[in-house]
1. Being in a strand (DSSP E or B) and out of contact with any helix residue (DSSP H, G or I) (no Cβ under 9 Å at 6 or more places or on another chain) is the filter here; which residues of segment A:193-207 pass it?
2. For segment A:161-188, which residues satisfy the criterion of being within 14 Å of chain B (Cβ to nearest Cβ) and in contact with a Lys or Arg (Cβ under 7 Å, 6 or more places away or on another chain)?
3. Could you please give the count of residues in segment A:259-274 that are away from every other protein chain (no Cβ under 12 Å) and surrounded by fewer than 21 Cβ atoms within 10 Å (Cβ to Cβ)?
4. For B:N434, are the conditions met, namely being crowded, with 21+ Cβ neighbours inside 10 Å, within 11 Å of chain A (Cβ to nearest Cβ) and over 23 Å from A:N461 (Cβ atoms)?
5. Report every pair of residues separated by at least 6 positions or lying on different chains whose Cβ atoms are under 6 Å apart, first residue within segment A:141-164 and in a loop (DSSP other than H, G, I, E, B), second surrounded by 24 or more Cβ atoms within 10 Å (Cβ to Cβ) and not small (G, A, S).
6. Restricting to segment A:579-598, and then to whatever is within 7 Å of another protein chain (Cβ to nearest Cβ) and of a type outside the set (A, V, I, L, M, F, W, C), can you tell me which residue is nearest to A:L508 (Cα to Cα)?
7. Can you work out which of the residues in segment B:584-620 that are in a helix (DSSP H, G or I) and of a type in the set (V, I, T) is farthest from the chain's Cα centre (by Cα)?
8. Just name the residue that is nearest to the chain's Cα centre (by Cα) out of those in segment A:140-174 that are at pLDDT 95 or above and charged (D, E, K, R).
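The values are calculated or read from the model by the stated rules, or taken from the named source; none is laboratory data. Computed from a predicted structure; not experimentally measured. Every residue, glycine among them, receives a Cβ derived from its backbone with ideal geometry; neighbour counts consider all protein chains shown.
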Protein chains: 2
Amino acid sequence: MPRATLDFFLFDWLLAADLSAYPRYSDHSRETFDAVLDTAERIADERFAPFNRLVDVSEPTFDGEHVHLPEATAAAVEAHAAAGLIAAGHDYDLGGMQLPYLVEMAANSFFHMASIGLSAYGMLTAANANLLMAHGTPAQRQAFAHPQLCGAALGTMCLSEPQAGSSLADIVTRAVADGDDFEADPLGPRYRIRGNKMWISGGEHDLAGNIVHLVLAKIAARDGSTGPGVRGISLFVVPRTMVDRAGEPVGPRNDIALAGLNHKMGYRGTVNTLLNFGEGMRPLASTDAGTPSAGAIGYRIGEPGRGLAYMFHMMNEARINVGLGATMLGFAGYAASLGYARERPQGRPRREGGKDATAPQVPIIEHADVKRMLLAQKAYAEGGLALGLYCGKLVDAVRHDPDPVTVARATTLLEILTPIAKSWPSEWCLEGNNLAIQIFGGYGYTRDFPVEQFWRDNRLNMIHEGTHGIQGLDLLGRKAIMDDGAALKLWRETIRDACFKAGRFQLLADHAAAVDAAADRVVRATQDAWIDDDPQSALANATPYLQAFGHVTMAWIWLDVARAALAGLPDAAADRADLLRGKLQAARYFFGFELPKVDAWLDVVATRNPAALEMRDAWF
Amino acid sequence: MPRATLDFFLFDWLLAADLSAYPRYSDHSRETFDAVLDTAERIADERFAPFNRLVDVSEPTFDGEHVHLPEATAAAVEAHAAAGLIAAGHDYDLGGMQLPYLVEMAANSFFHMASIGLSAYGMLTAANANLLMAHGTPAQRQAFAHPQLCGAALGTMCLSEPQAGSSLADIVTRAVADGDDFEADPLGPRYRIRGNKMWISGGEHDLAGNIVHLVLAKIAARDGSTGPGVRGISLFVVPRTMVDRAGEPVGPRNDIALAGLNHKMGYRGTVNTLLNFGEGMRPLASTDAGTPSAGAIGYRIGEPGRGLAYMFHMMNEARINVGLGATMLGFAGYAASLGYARERPQGRPRREGGKDATAPQVPIIEHADVKRMLLAQKAYAEGGLALGLYCGKLVDAVRHDPDPVTVARATTLLEILTPIAKSWPSEWCLEGNNLAIQIFGGYGYTRDFPVEQFWRDNRLNMIHEGTHGIQGLDLLGRKAIMDDGAALKLWRETIRDACFKAGRFQLLADHAAAVDAAADRVVRATQDAWIDDDPQSALANATPYLQAFGHVTMAWIWLDVARAALAGLPDAAADRADLLRGKLQAARYFFGFELPKVDAWLDVVATRNPAALEMRDAWF
């Protein structure tokens, strides 16, 4: 990613320097932001990028005792934490920088692009610590969050189970109060946890002194019974090694067993595990004086039954982060294929009067179809980044804007944009990686070039942290209709404002009108989908709705970026003018090649096309 | 693939049994066709399918002397040849069955689905032998084709070079006449070949007694000079081991060195090589009495300078076959994900009044979004198969229809459909595999389930035998405008006839009108693209044109299949009615969800959208 593009989005489009007007960020300025970005870029270049292929081919192994990872993994994870990047957003007195979330995202983007498999450890740890800081008691923060903020421990999120992924209501991991004095433990109400957790990234390794698991489980009576559905689902912090009040892992090991590693198609730099909690492999005592028994010890966070709510507080950030990861893989493929296209000679453009076979071959970047594939990648990756950063700025507004009206608006807009920020880059930057392979031709299909790995790595993003289908249901089934459609209305108004501002530039007037009209069609399709209030037929085509909503959102983002580019053009020197014209051309590509795709998706939504719903098993 | 679907396409839709009306096929009947299909299905089940993952994880290795492949590879290749399937289409007196090409394709489909990596050896060998039978001298057929037909030798196609893939005019492999008596060799004019050939599937192995390479090279003067462009490109048969007149590999080894194996993302069952011809690693004498010297010995096929023409004769079949391979990978993913969706419980459909969390979970096939993803895969895979078989029947008509008008029409229609038969399944059955992974969720991303391999394997198909971009240029730059648009007109008429026939069914009337109108828009867009006869702007969006043309073609195919299904419905028993209703529902899906995508692609073609063409290097 050219740093210039990131800087343009941050400082010229999103006016990130203005964030120092928030009291929390008052010490910050463009200079401090630049310093953080420089550091992140340097560490990503030195400790992450050179090892991205290595961690793909040296998949994690387990010898029955230890998980083995390449040495580069520990070095990368350490360097990231040592630079203070996990704690970056936190208070000064916790070793943080009180960095805006927007700038934190920008810093993270370098790591995602350099090696998504290596960057996941730090991202998960940060998310885990953030959740504990938001919902834990002071003692829990001290014992479990602080060690993560400084890199002494790493974190995981344990939600899924082998039989329950999208349907978290069906988890069967149980938490039973641990003794009559279970509420007396200084680290929080103490439970014994029993159950199997699947797809746990970073679930076992020796990269840090401890691992802090956040585990969803249902609180059960002593006889093991629980209520159905999401009732009783609570959140527990479950350390790999038991800690003292300062969070020091003073032992013993908790009753958690690594049941196996998952062998993935990509994203292999991140060890992914099946963990068995409380099977009795490592029985331990509840207190120093107690008798060892089976059951992993976990401390409840917050109220019983509020586990999903706490987790979803974190999940929204995680989803934006997944989108950012997908985006940066899109950038990685774009950069690689752009470099290749500039150097690879092949063929000659066909011109009037036919080809001249005696002319030298041209670099393939001169072929229109290659330019189209590069331009598409640019539009996907840069568009994804712009949307992700836009959401990042909303997060800052939600948390720290002094004006409650602004906070409310940012909260609502963020709600409806989150499924898009997660799903759109996951789908389209994957397609971008597909185009990167295509530009490399046969070479792109080999492991001698990096693009096939980007494509494999990126494929996970439509699955984890809520599948595409789940995002669609969240958008059309909840976000678009909540509070009488308030979020949808706000989205519509925001787009209208952007169209109005862009429309004053003659070059953008037609495009602004097209984006505005497309947003109208989304609103109408939403109403049509719900016309008889039947969730089954309304939601049957929630995924095409998600796709249409995403493309219109991205058209709005590109329109607004184009407006900013156009505004900057008159004063731009040559290099800068190239940068700005590139943005305009990518926007133009998006309006011409991508925005028109919306109608086909919206059509099935608005007509509540029943082809899928009415399909019968016997007909497949 | 349910055999019932293949049978329906062959016998109910394409009326394959009627092929016995051609004199060449007069001994054949539904019964003989069934027997061949049964044999192919059995061998694919026993010798191919069980080893598909094995050949993915046991990638070919080279120890400096030999290429090592799993034993299962030799067993599969042998069983396929031993059943007479390589020779199937050839004359009885060559050990063939005089099988229609259509039925041969249907038989091959089982092998592609069972293991595309294993099936490639036989397919390449058949294509190689077919080319030699069409263009070789009797002596060349005897020495090089016959051993391949019986499986004693395997074949390759050596076109690409490291610096020349899509641009074959730029190959630098040279052929120099071998001695003054070079024309006196009984196996054909003898040349010394020098150059490097890249991406050669099956280029080196010990699976058979010999390997027969077909090599494109430029005939050079003794001083090495050649003309520019395609002039002088000729075709040579170059055996790995020198043969006697009967084709027995009596040695010595030819001067061909394996320079390396390509390490691919997928399709790993097929060894893929870089071969150096004539470097002098294995100098050999031109005749028994001669002195050994560097240069691989090759025998020219046909006329000098006609190499590309001969190769393209074969290439059209190869392209249809690539499309069939992509299609069958689509079927493989469809079958796997359908099975999984029927068994995996997860969640509950949302109905009016909300969910009942106490209800048991449902198999995910009951979710509309999963049904949508299955239906899409069905529409892609079955549609791809229908189109492939339709083209296969055209091949039979071209070769054996007694009526010259029919031959001419079939030839022309096949010309314009070939780029679609190759590209459409390569793109959309890859997307089908993507959906198969999505249905499996996290499990689909692991190597414990087969779908991730299908996706990786399938990714090659948009690249080899002419990339997507090359297919687009072939379609819009050549096929659609050749002979004053004759092929396009014929395509249009063929669709109109199908729409007319389908339109008589009330259920299909609207769809027929939609398909007819879409075909009109393709014709208009073609004219608009070429409105000022400038190839640069006309062809700038050749790939979106290819996509639009493909989707309209597929809508026509589905319309015609739906007509046949509807016609059969009144007399159908329950099982058969399910089969037919499945076809109707897949067609309905295609008309509702896919056909409307055409407009976005055609729009950029018709307006000659210059976004890609005008993009400048400095703006990326």
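1. Let us first name the residues in segment A:193-207 that are in a strand (DSSP E or B), namely A:193-201.
A:I193, A:R194, A:G195, A:N196, A:K197, A:I200 - these are the residues of segment A:193-207 that are in a strand (DSSP E or B) and out of contact with any helix residue (DSSP H, G or I) (no Cβ under 9 Å at 6 or more places or on another chain).
2. Filtering segment A:161-188 for residues within 14 Å of chain B (Cβ to nearest Cβ) gives A:161-172.
A:E161, A:I171 - these are the residues of segment A:161-188 that are within 14 Å of chain B (Cβ to nearest Cβ) and in contact with a Lys or Arg (Cβ under 7 Å, 6 or more places away or on another chain).
3. So the count comes out to 1.
4. On the way: crowded, with 21+ Cβ neighbours inside 10 Å: yes; within 11 Å of chain A (Cβ to nearest Cβ): yes; over 23 Å from A:N461 (Cβ atoms): no.
No.
5. Within 6 Å, the pairs are A:L159/A:L216; A:S160/A:W199.
6. At the first step, the residues of segment A:579-598 found to be within 7 Å of another protein chain (Cβ to nearest Cβ) are A:581-582, A:585, A:588-589, A:592-593, A:596-597.
So of that shortlist, the ones also of a type outside the set (A, V, I, L, M, F, W, C) come out as A:581-582, A:585, A:588-589, A:592, A:596-597.
Details: A:R581: 13, A:G582: 15, A:Q585: 12, A:R588: 9, A:Y589: 13, A:G592: 12, A:P596: 16, A:K597: 19 Å.
Once the filter is applied, the top-ranked residue is A:R588.
7. Just the residues of segment B:584-620 that are in a helix (DSSP H, G or I), to begin with: B:584-606, B:617-619.
Right, trim to of a type in the set (V, I, T) and you get B:598, B:604-605.
Values: B:V598: 24, B:V604: 28, B:V605: 27 Å.
It comes out as B:V604.
8. A:E161
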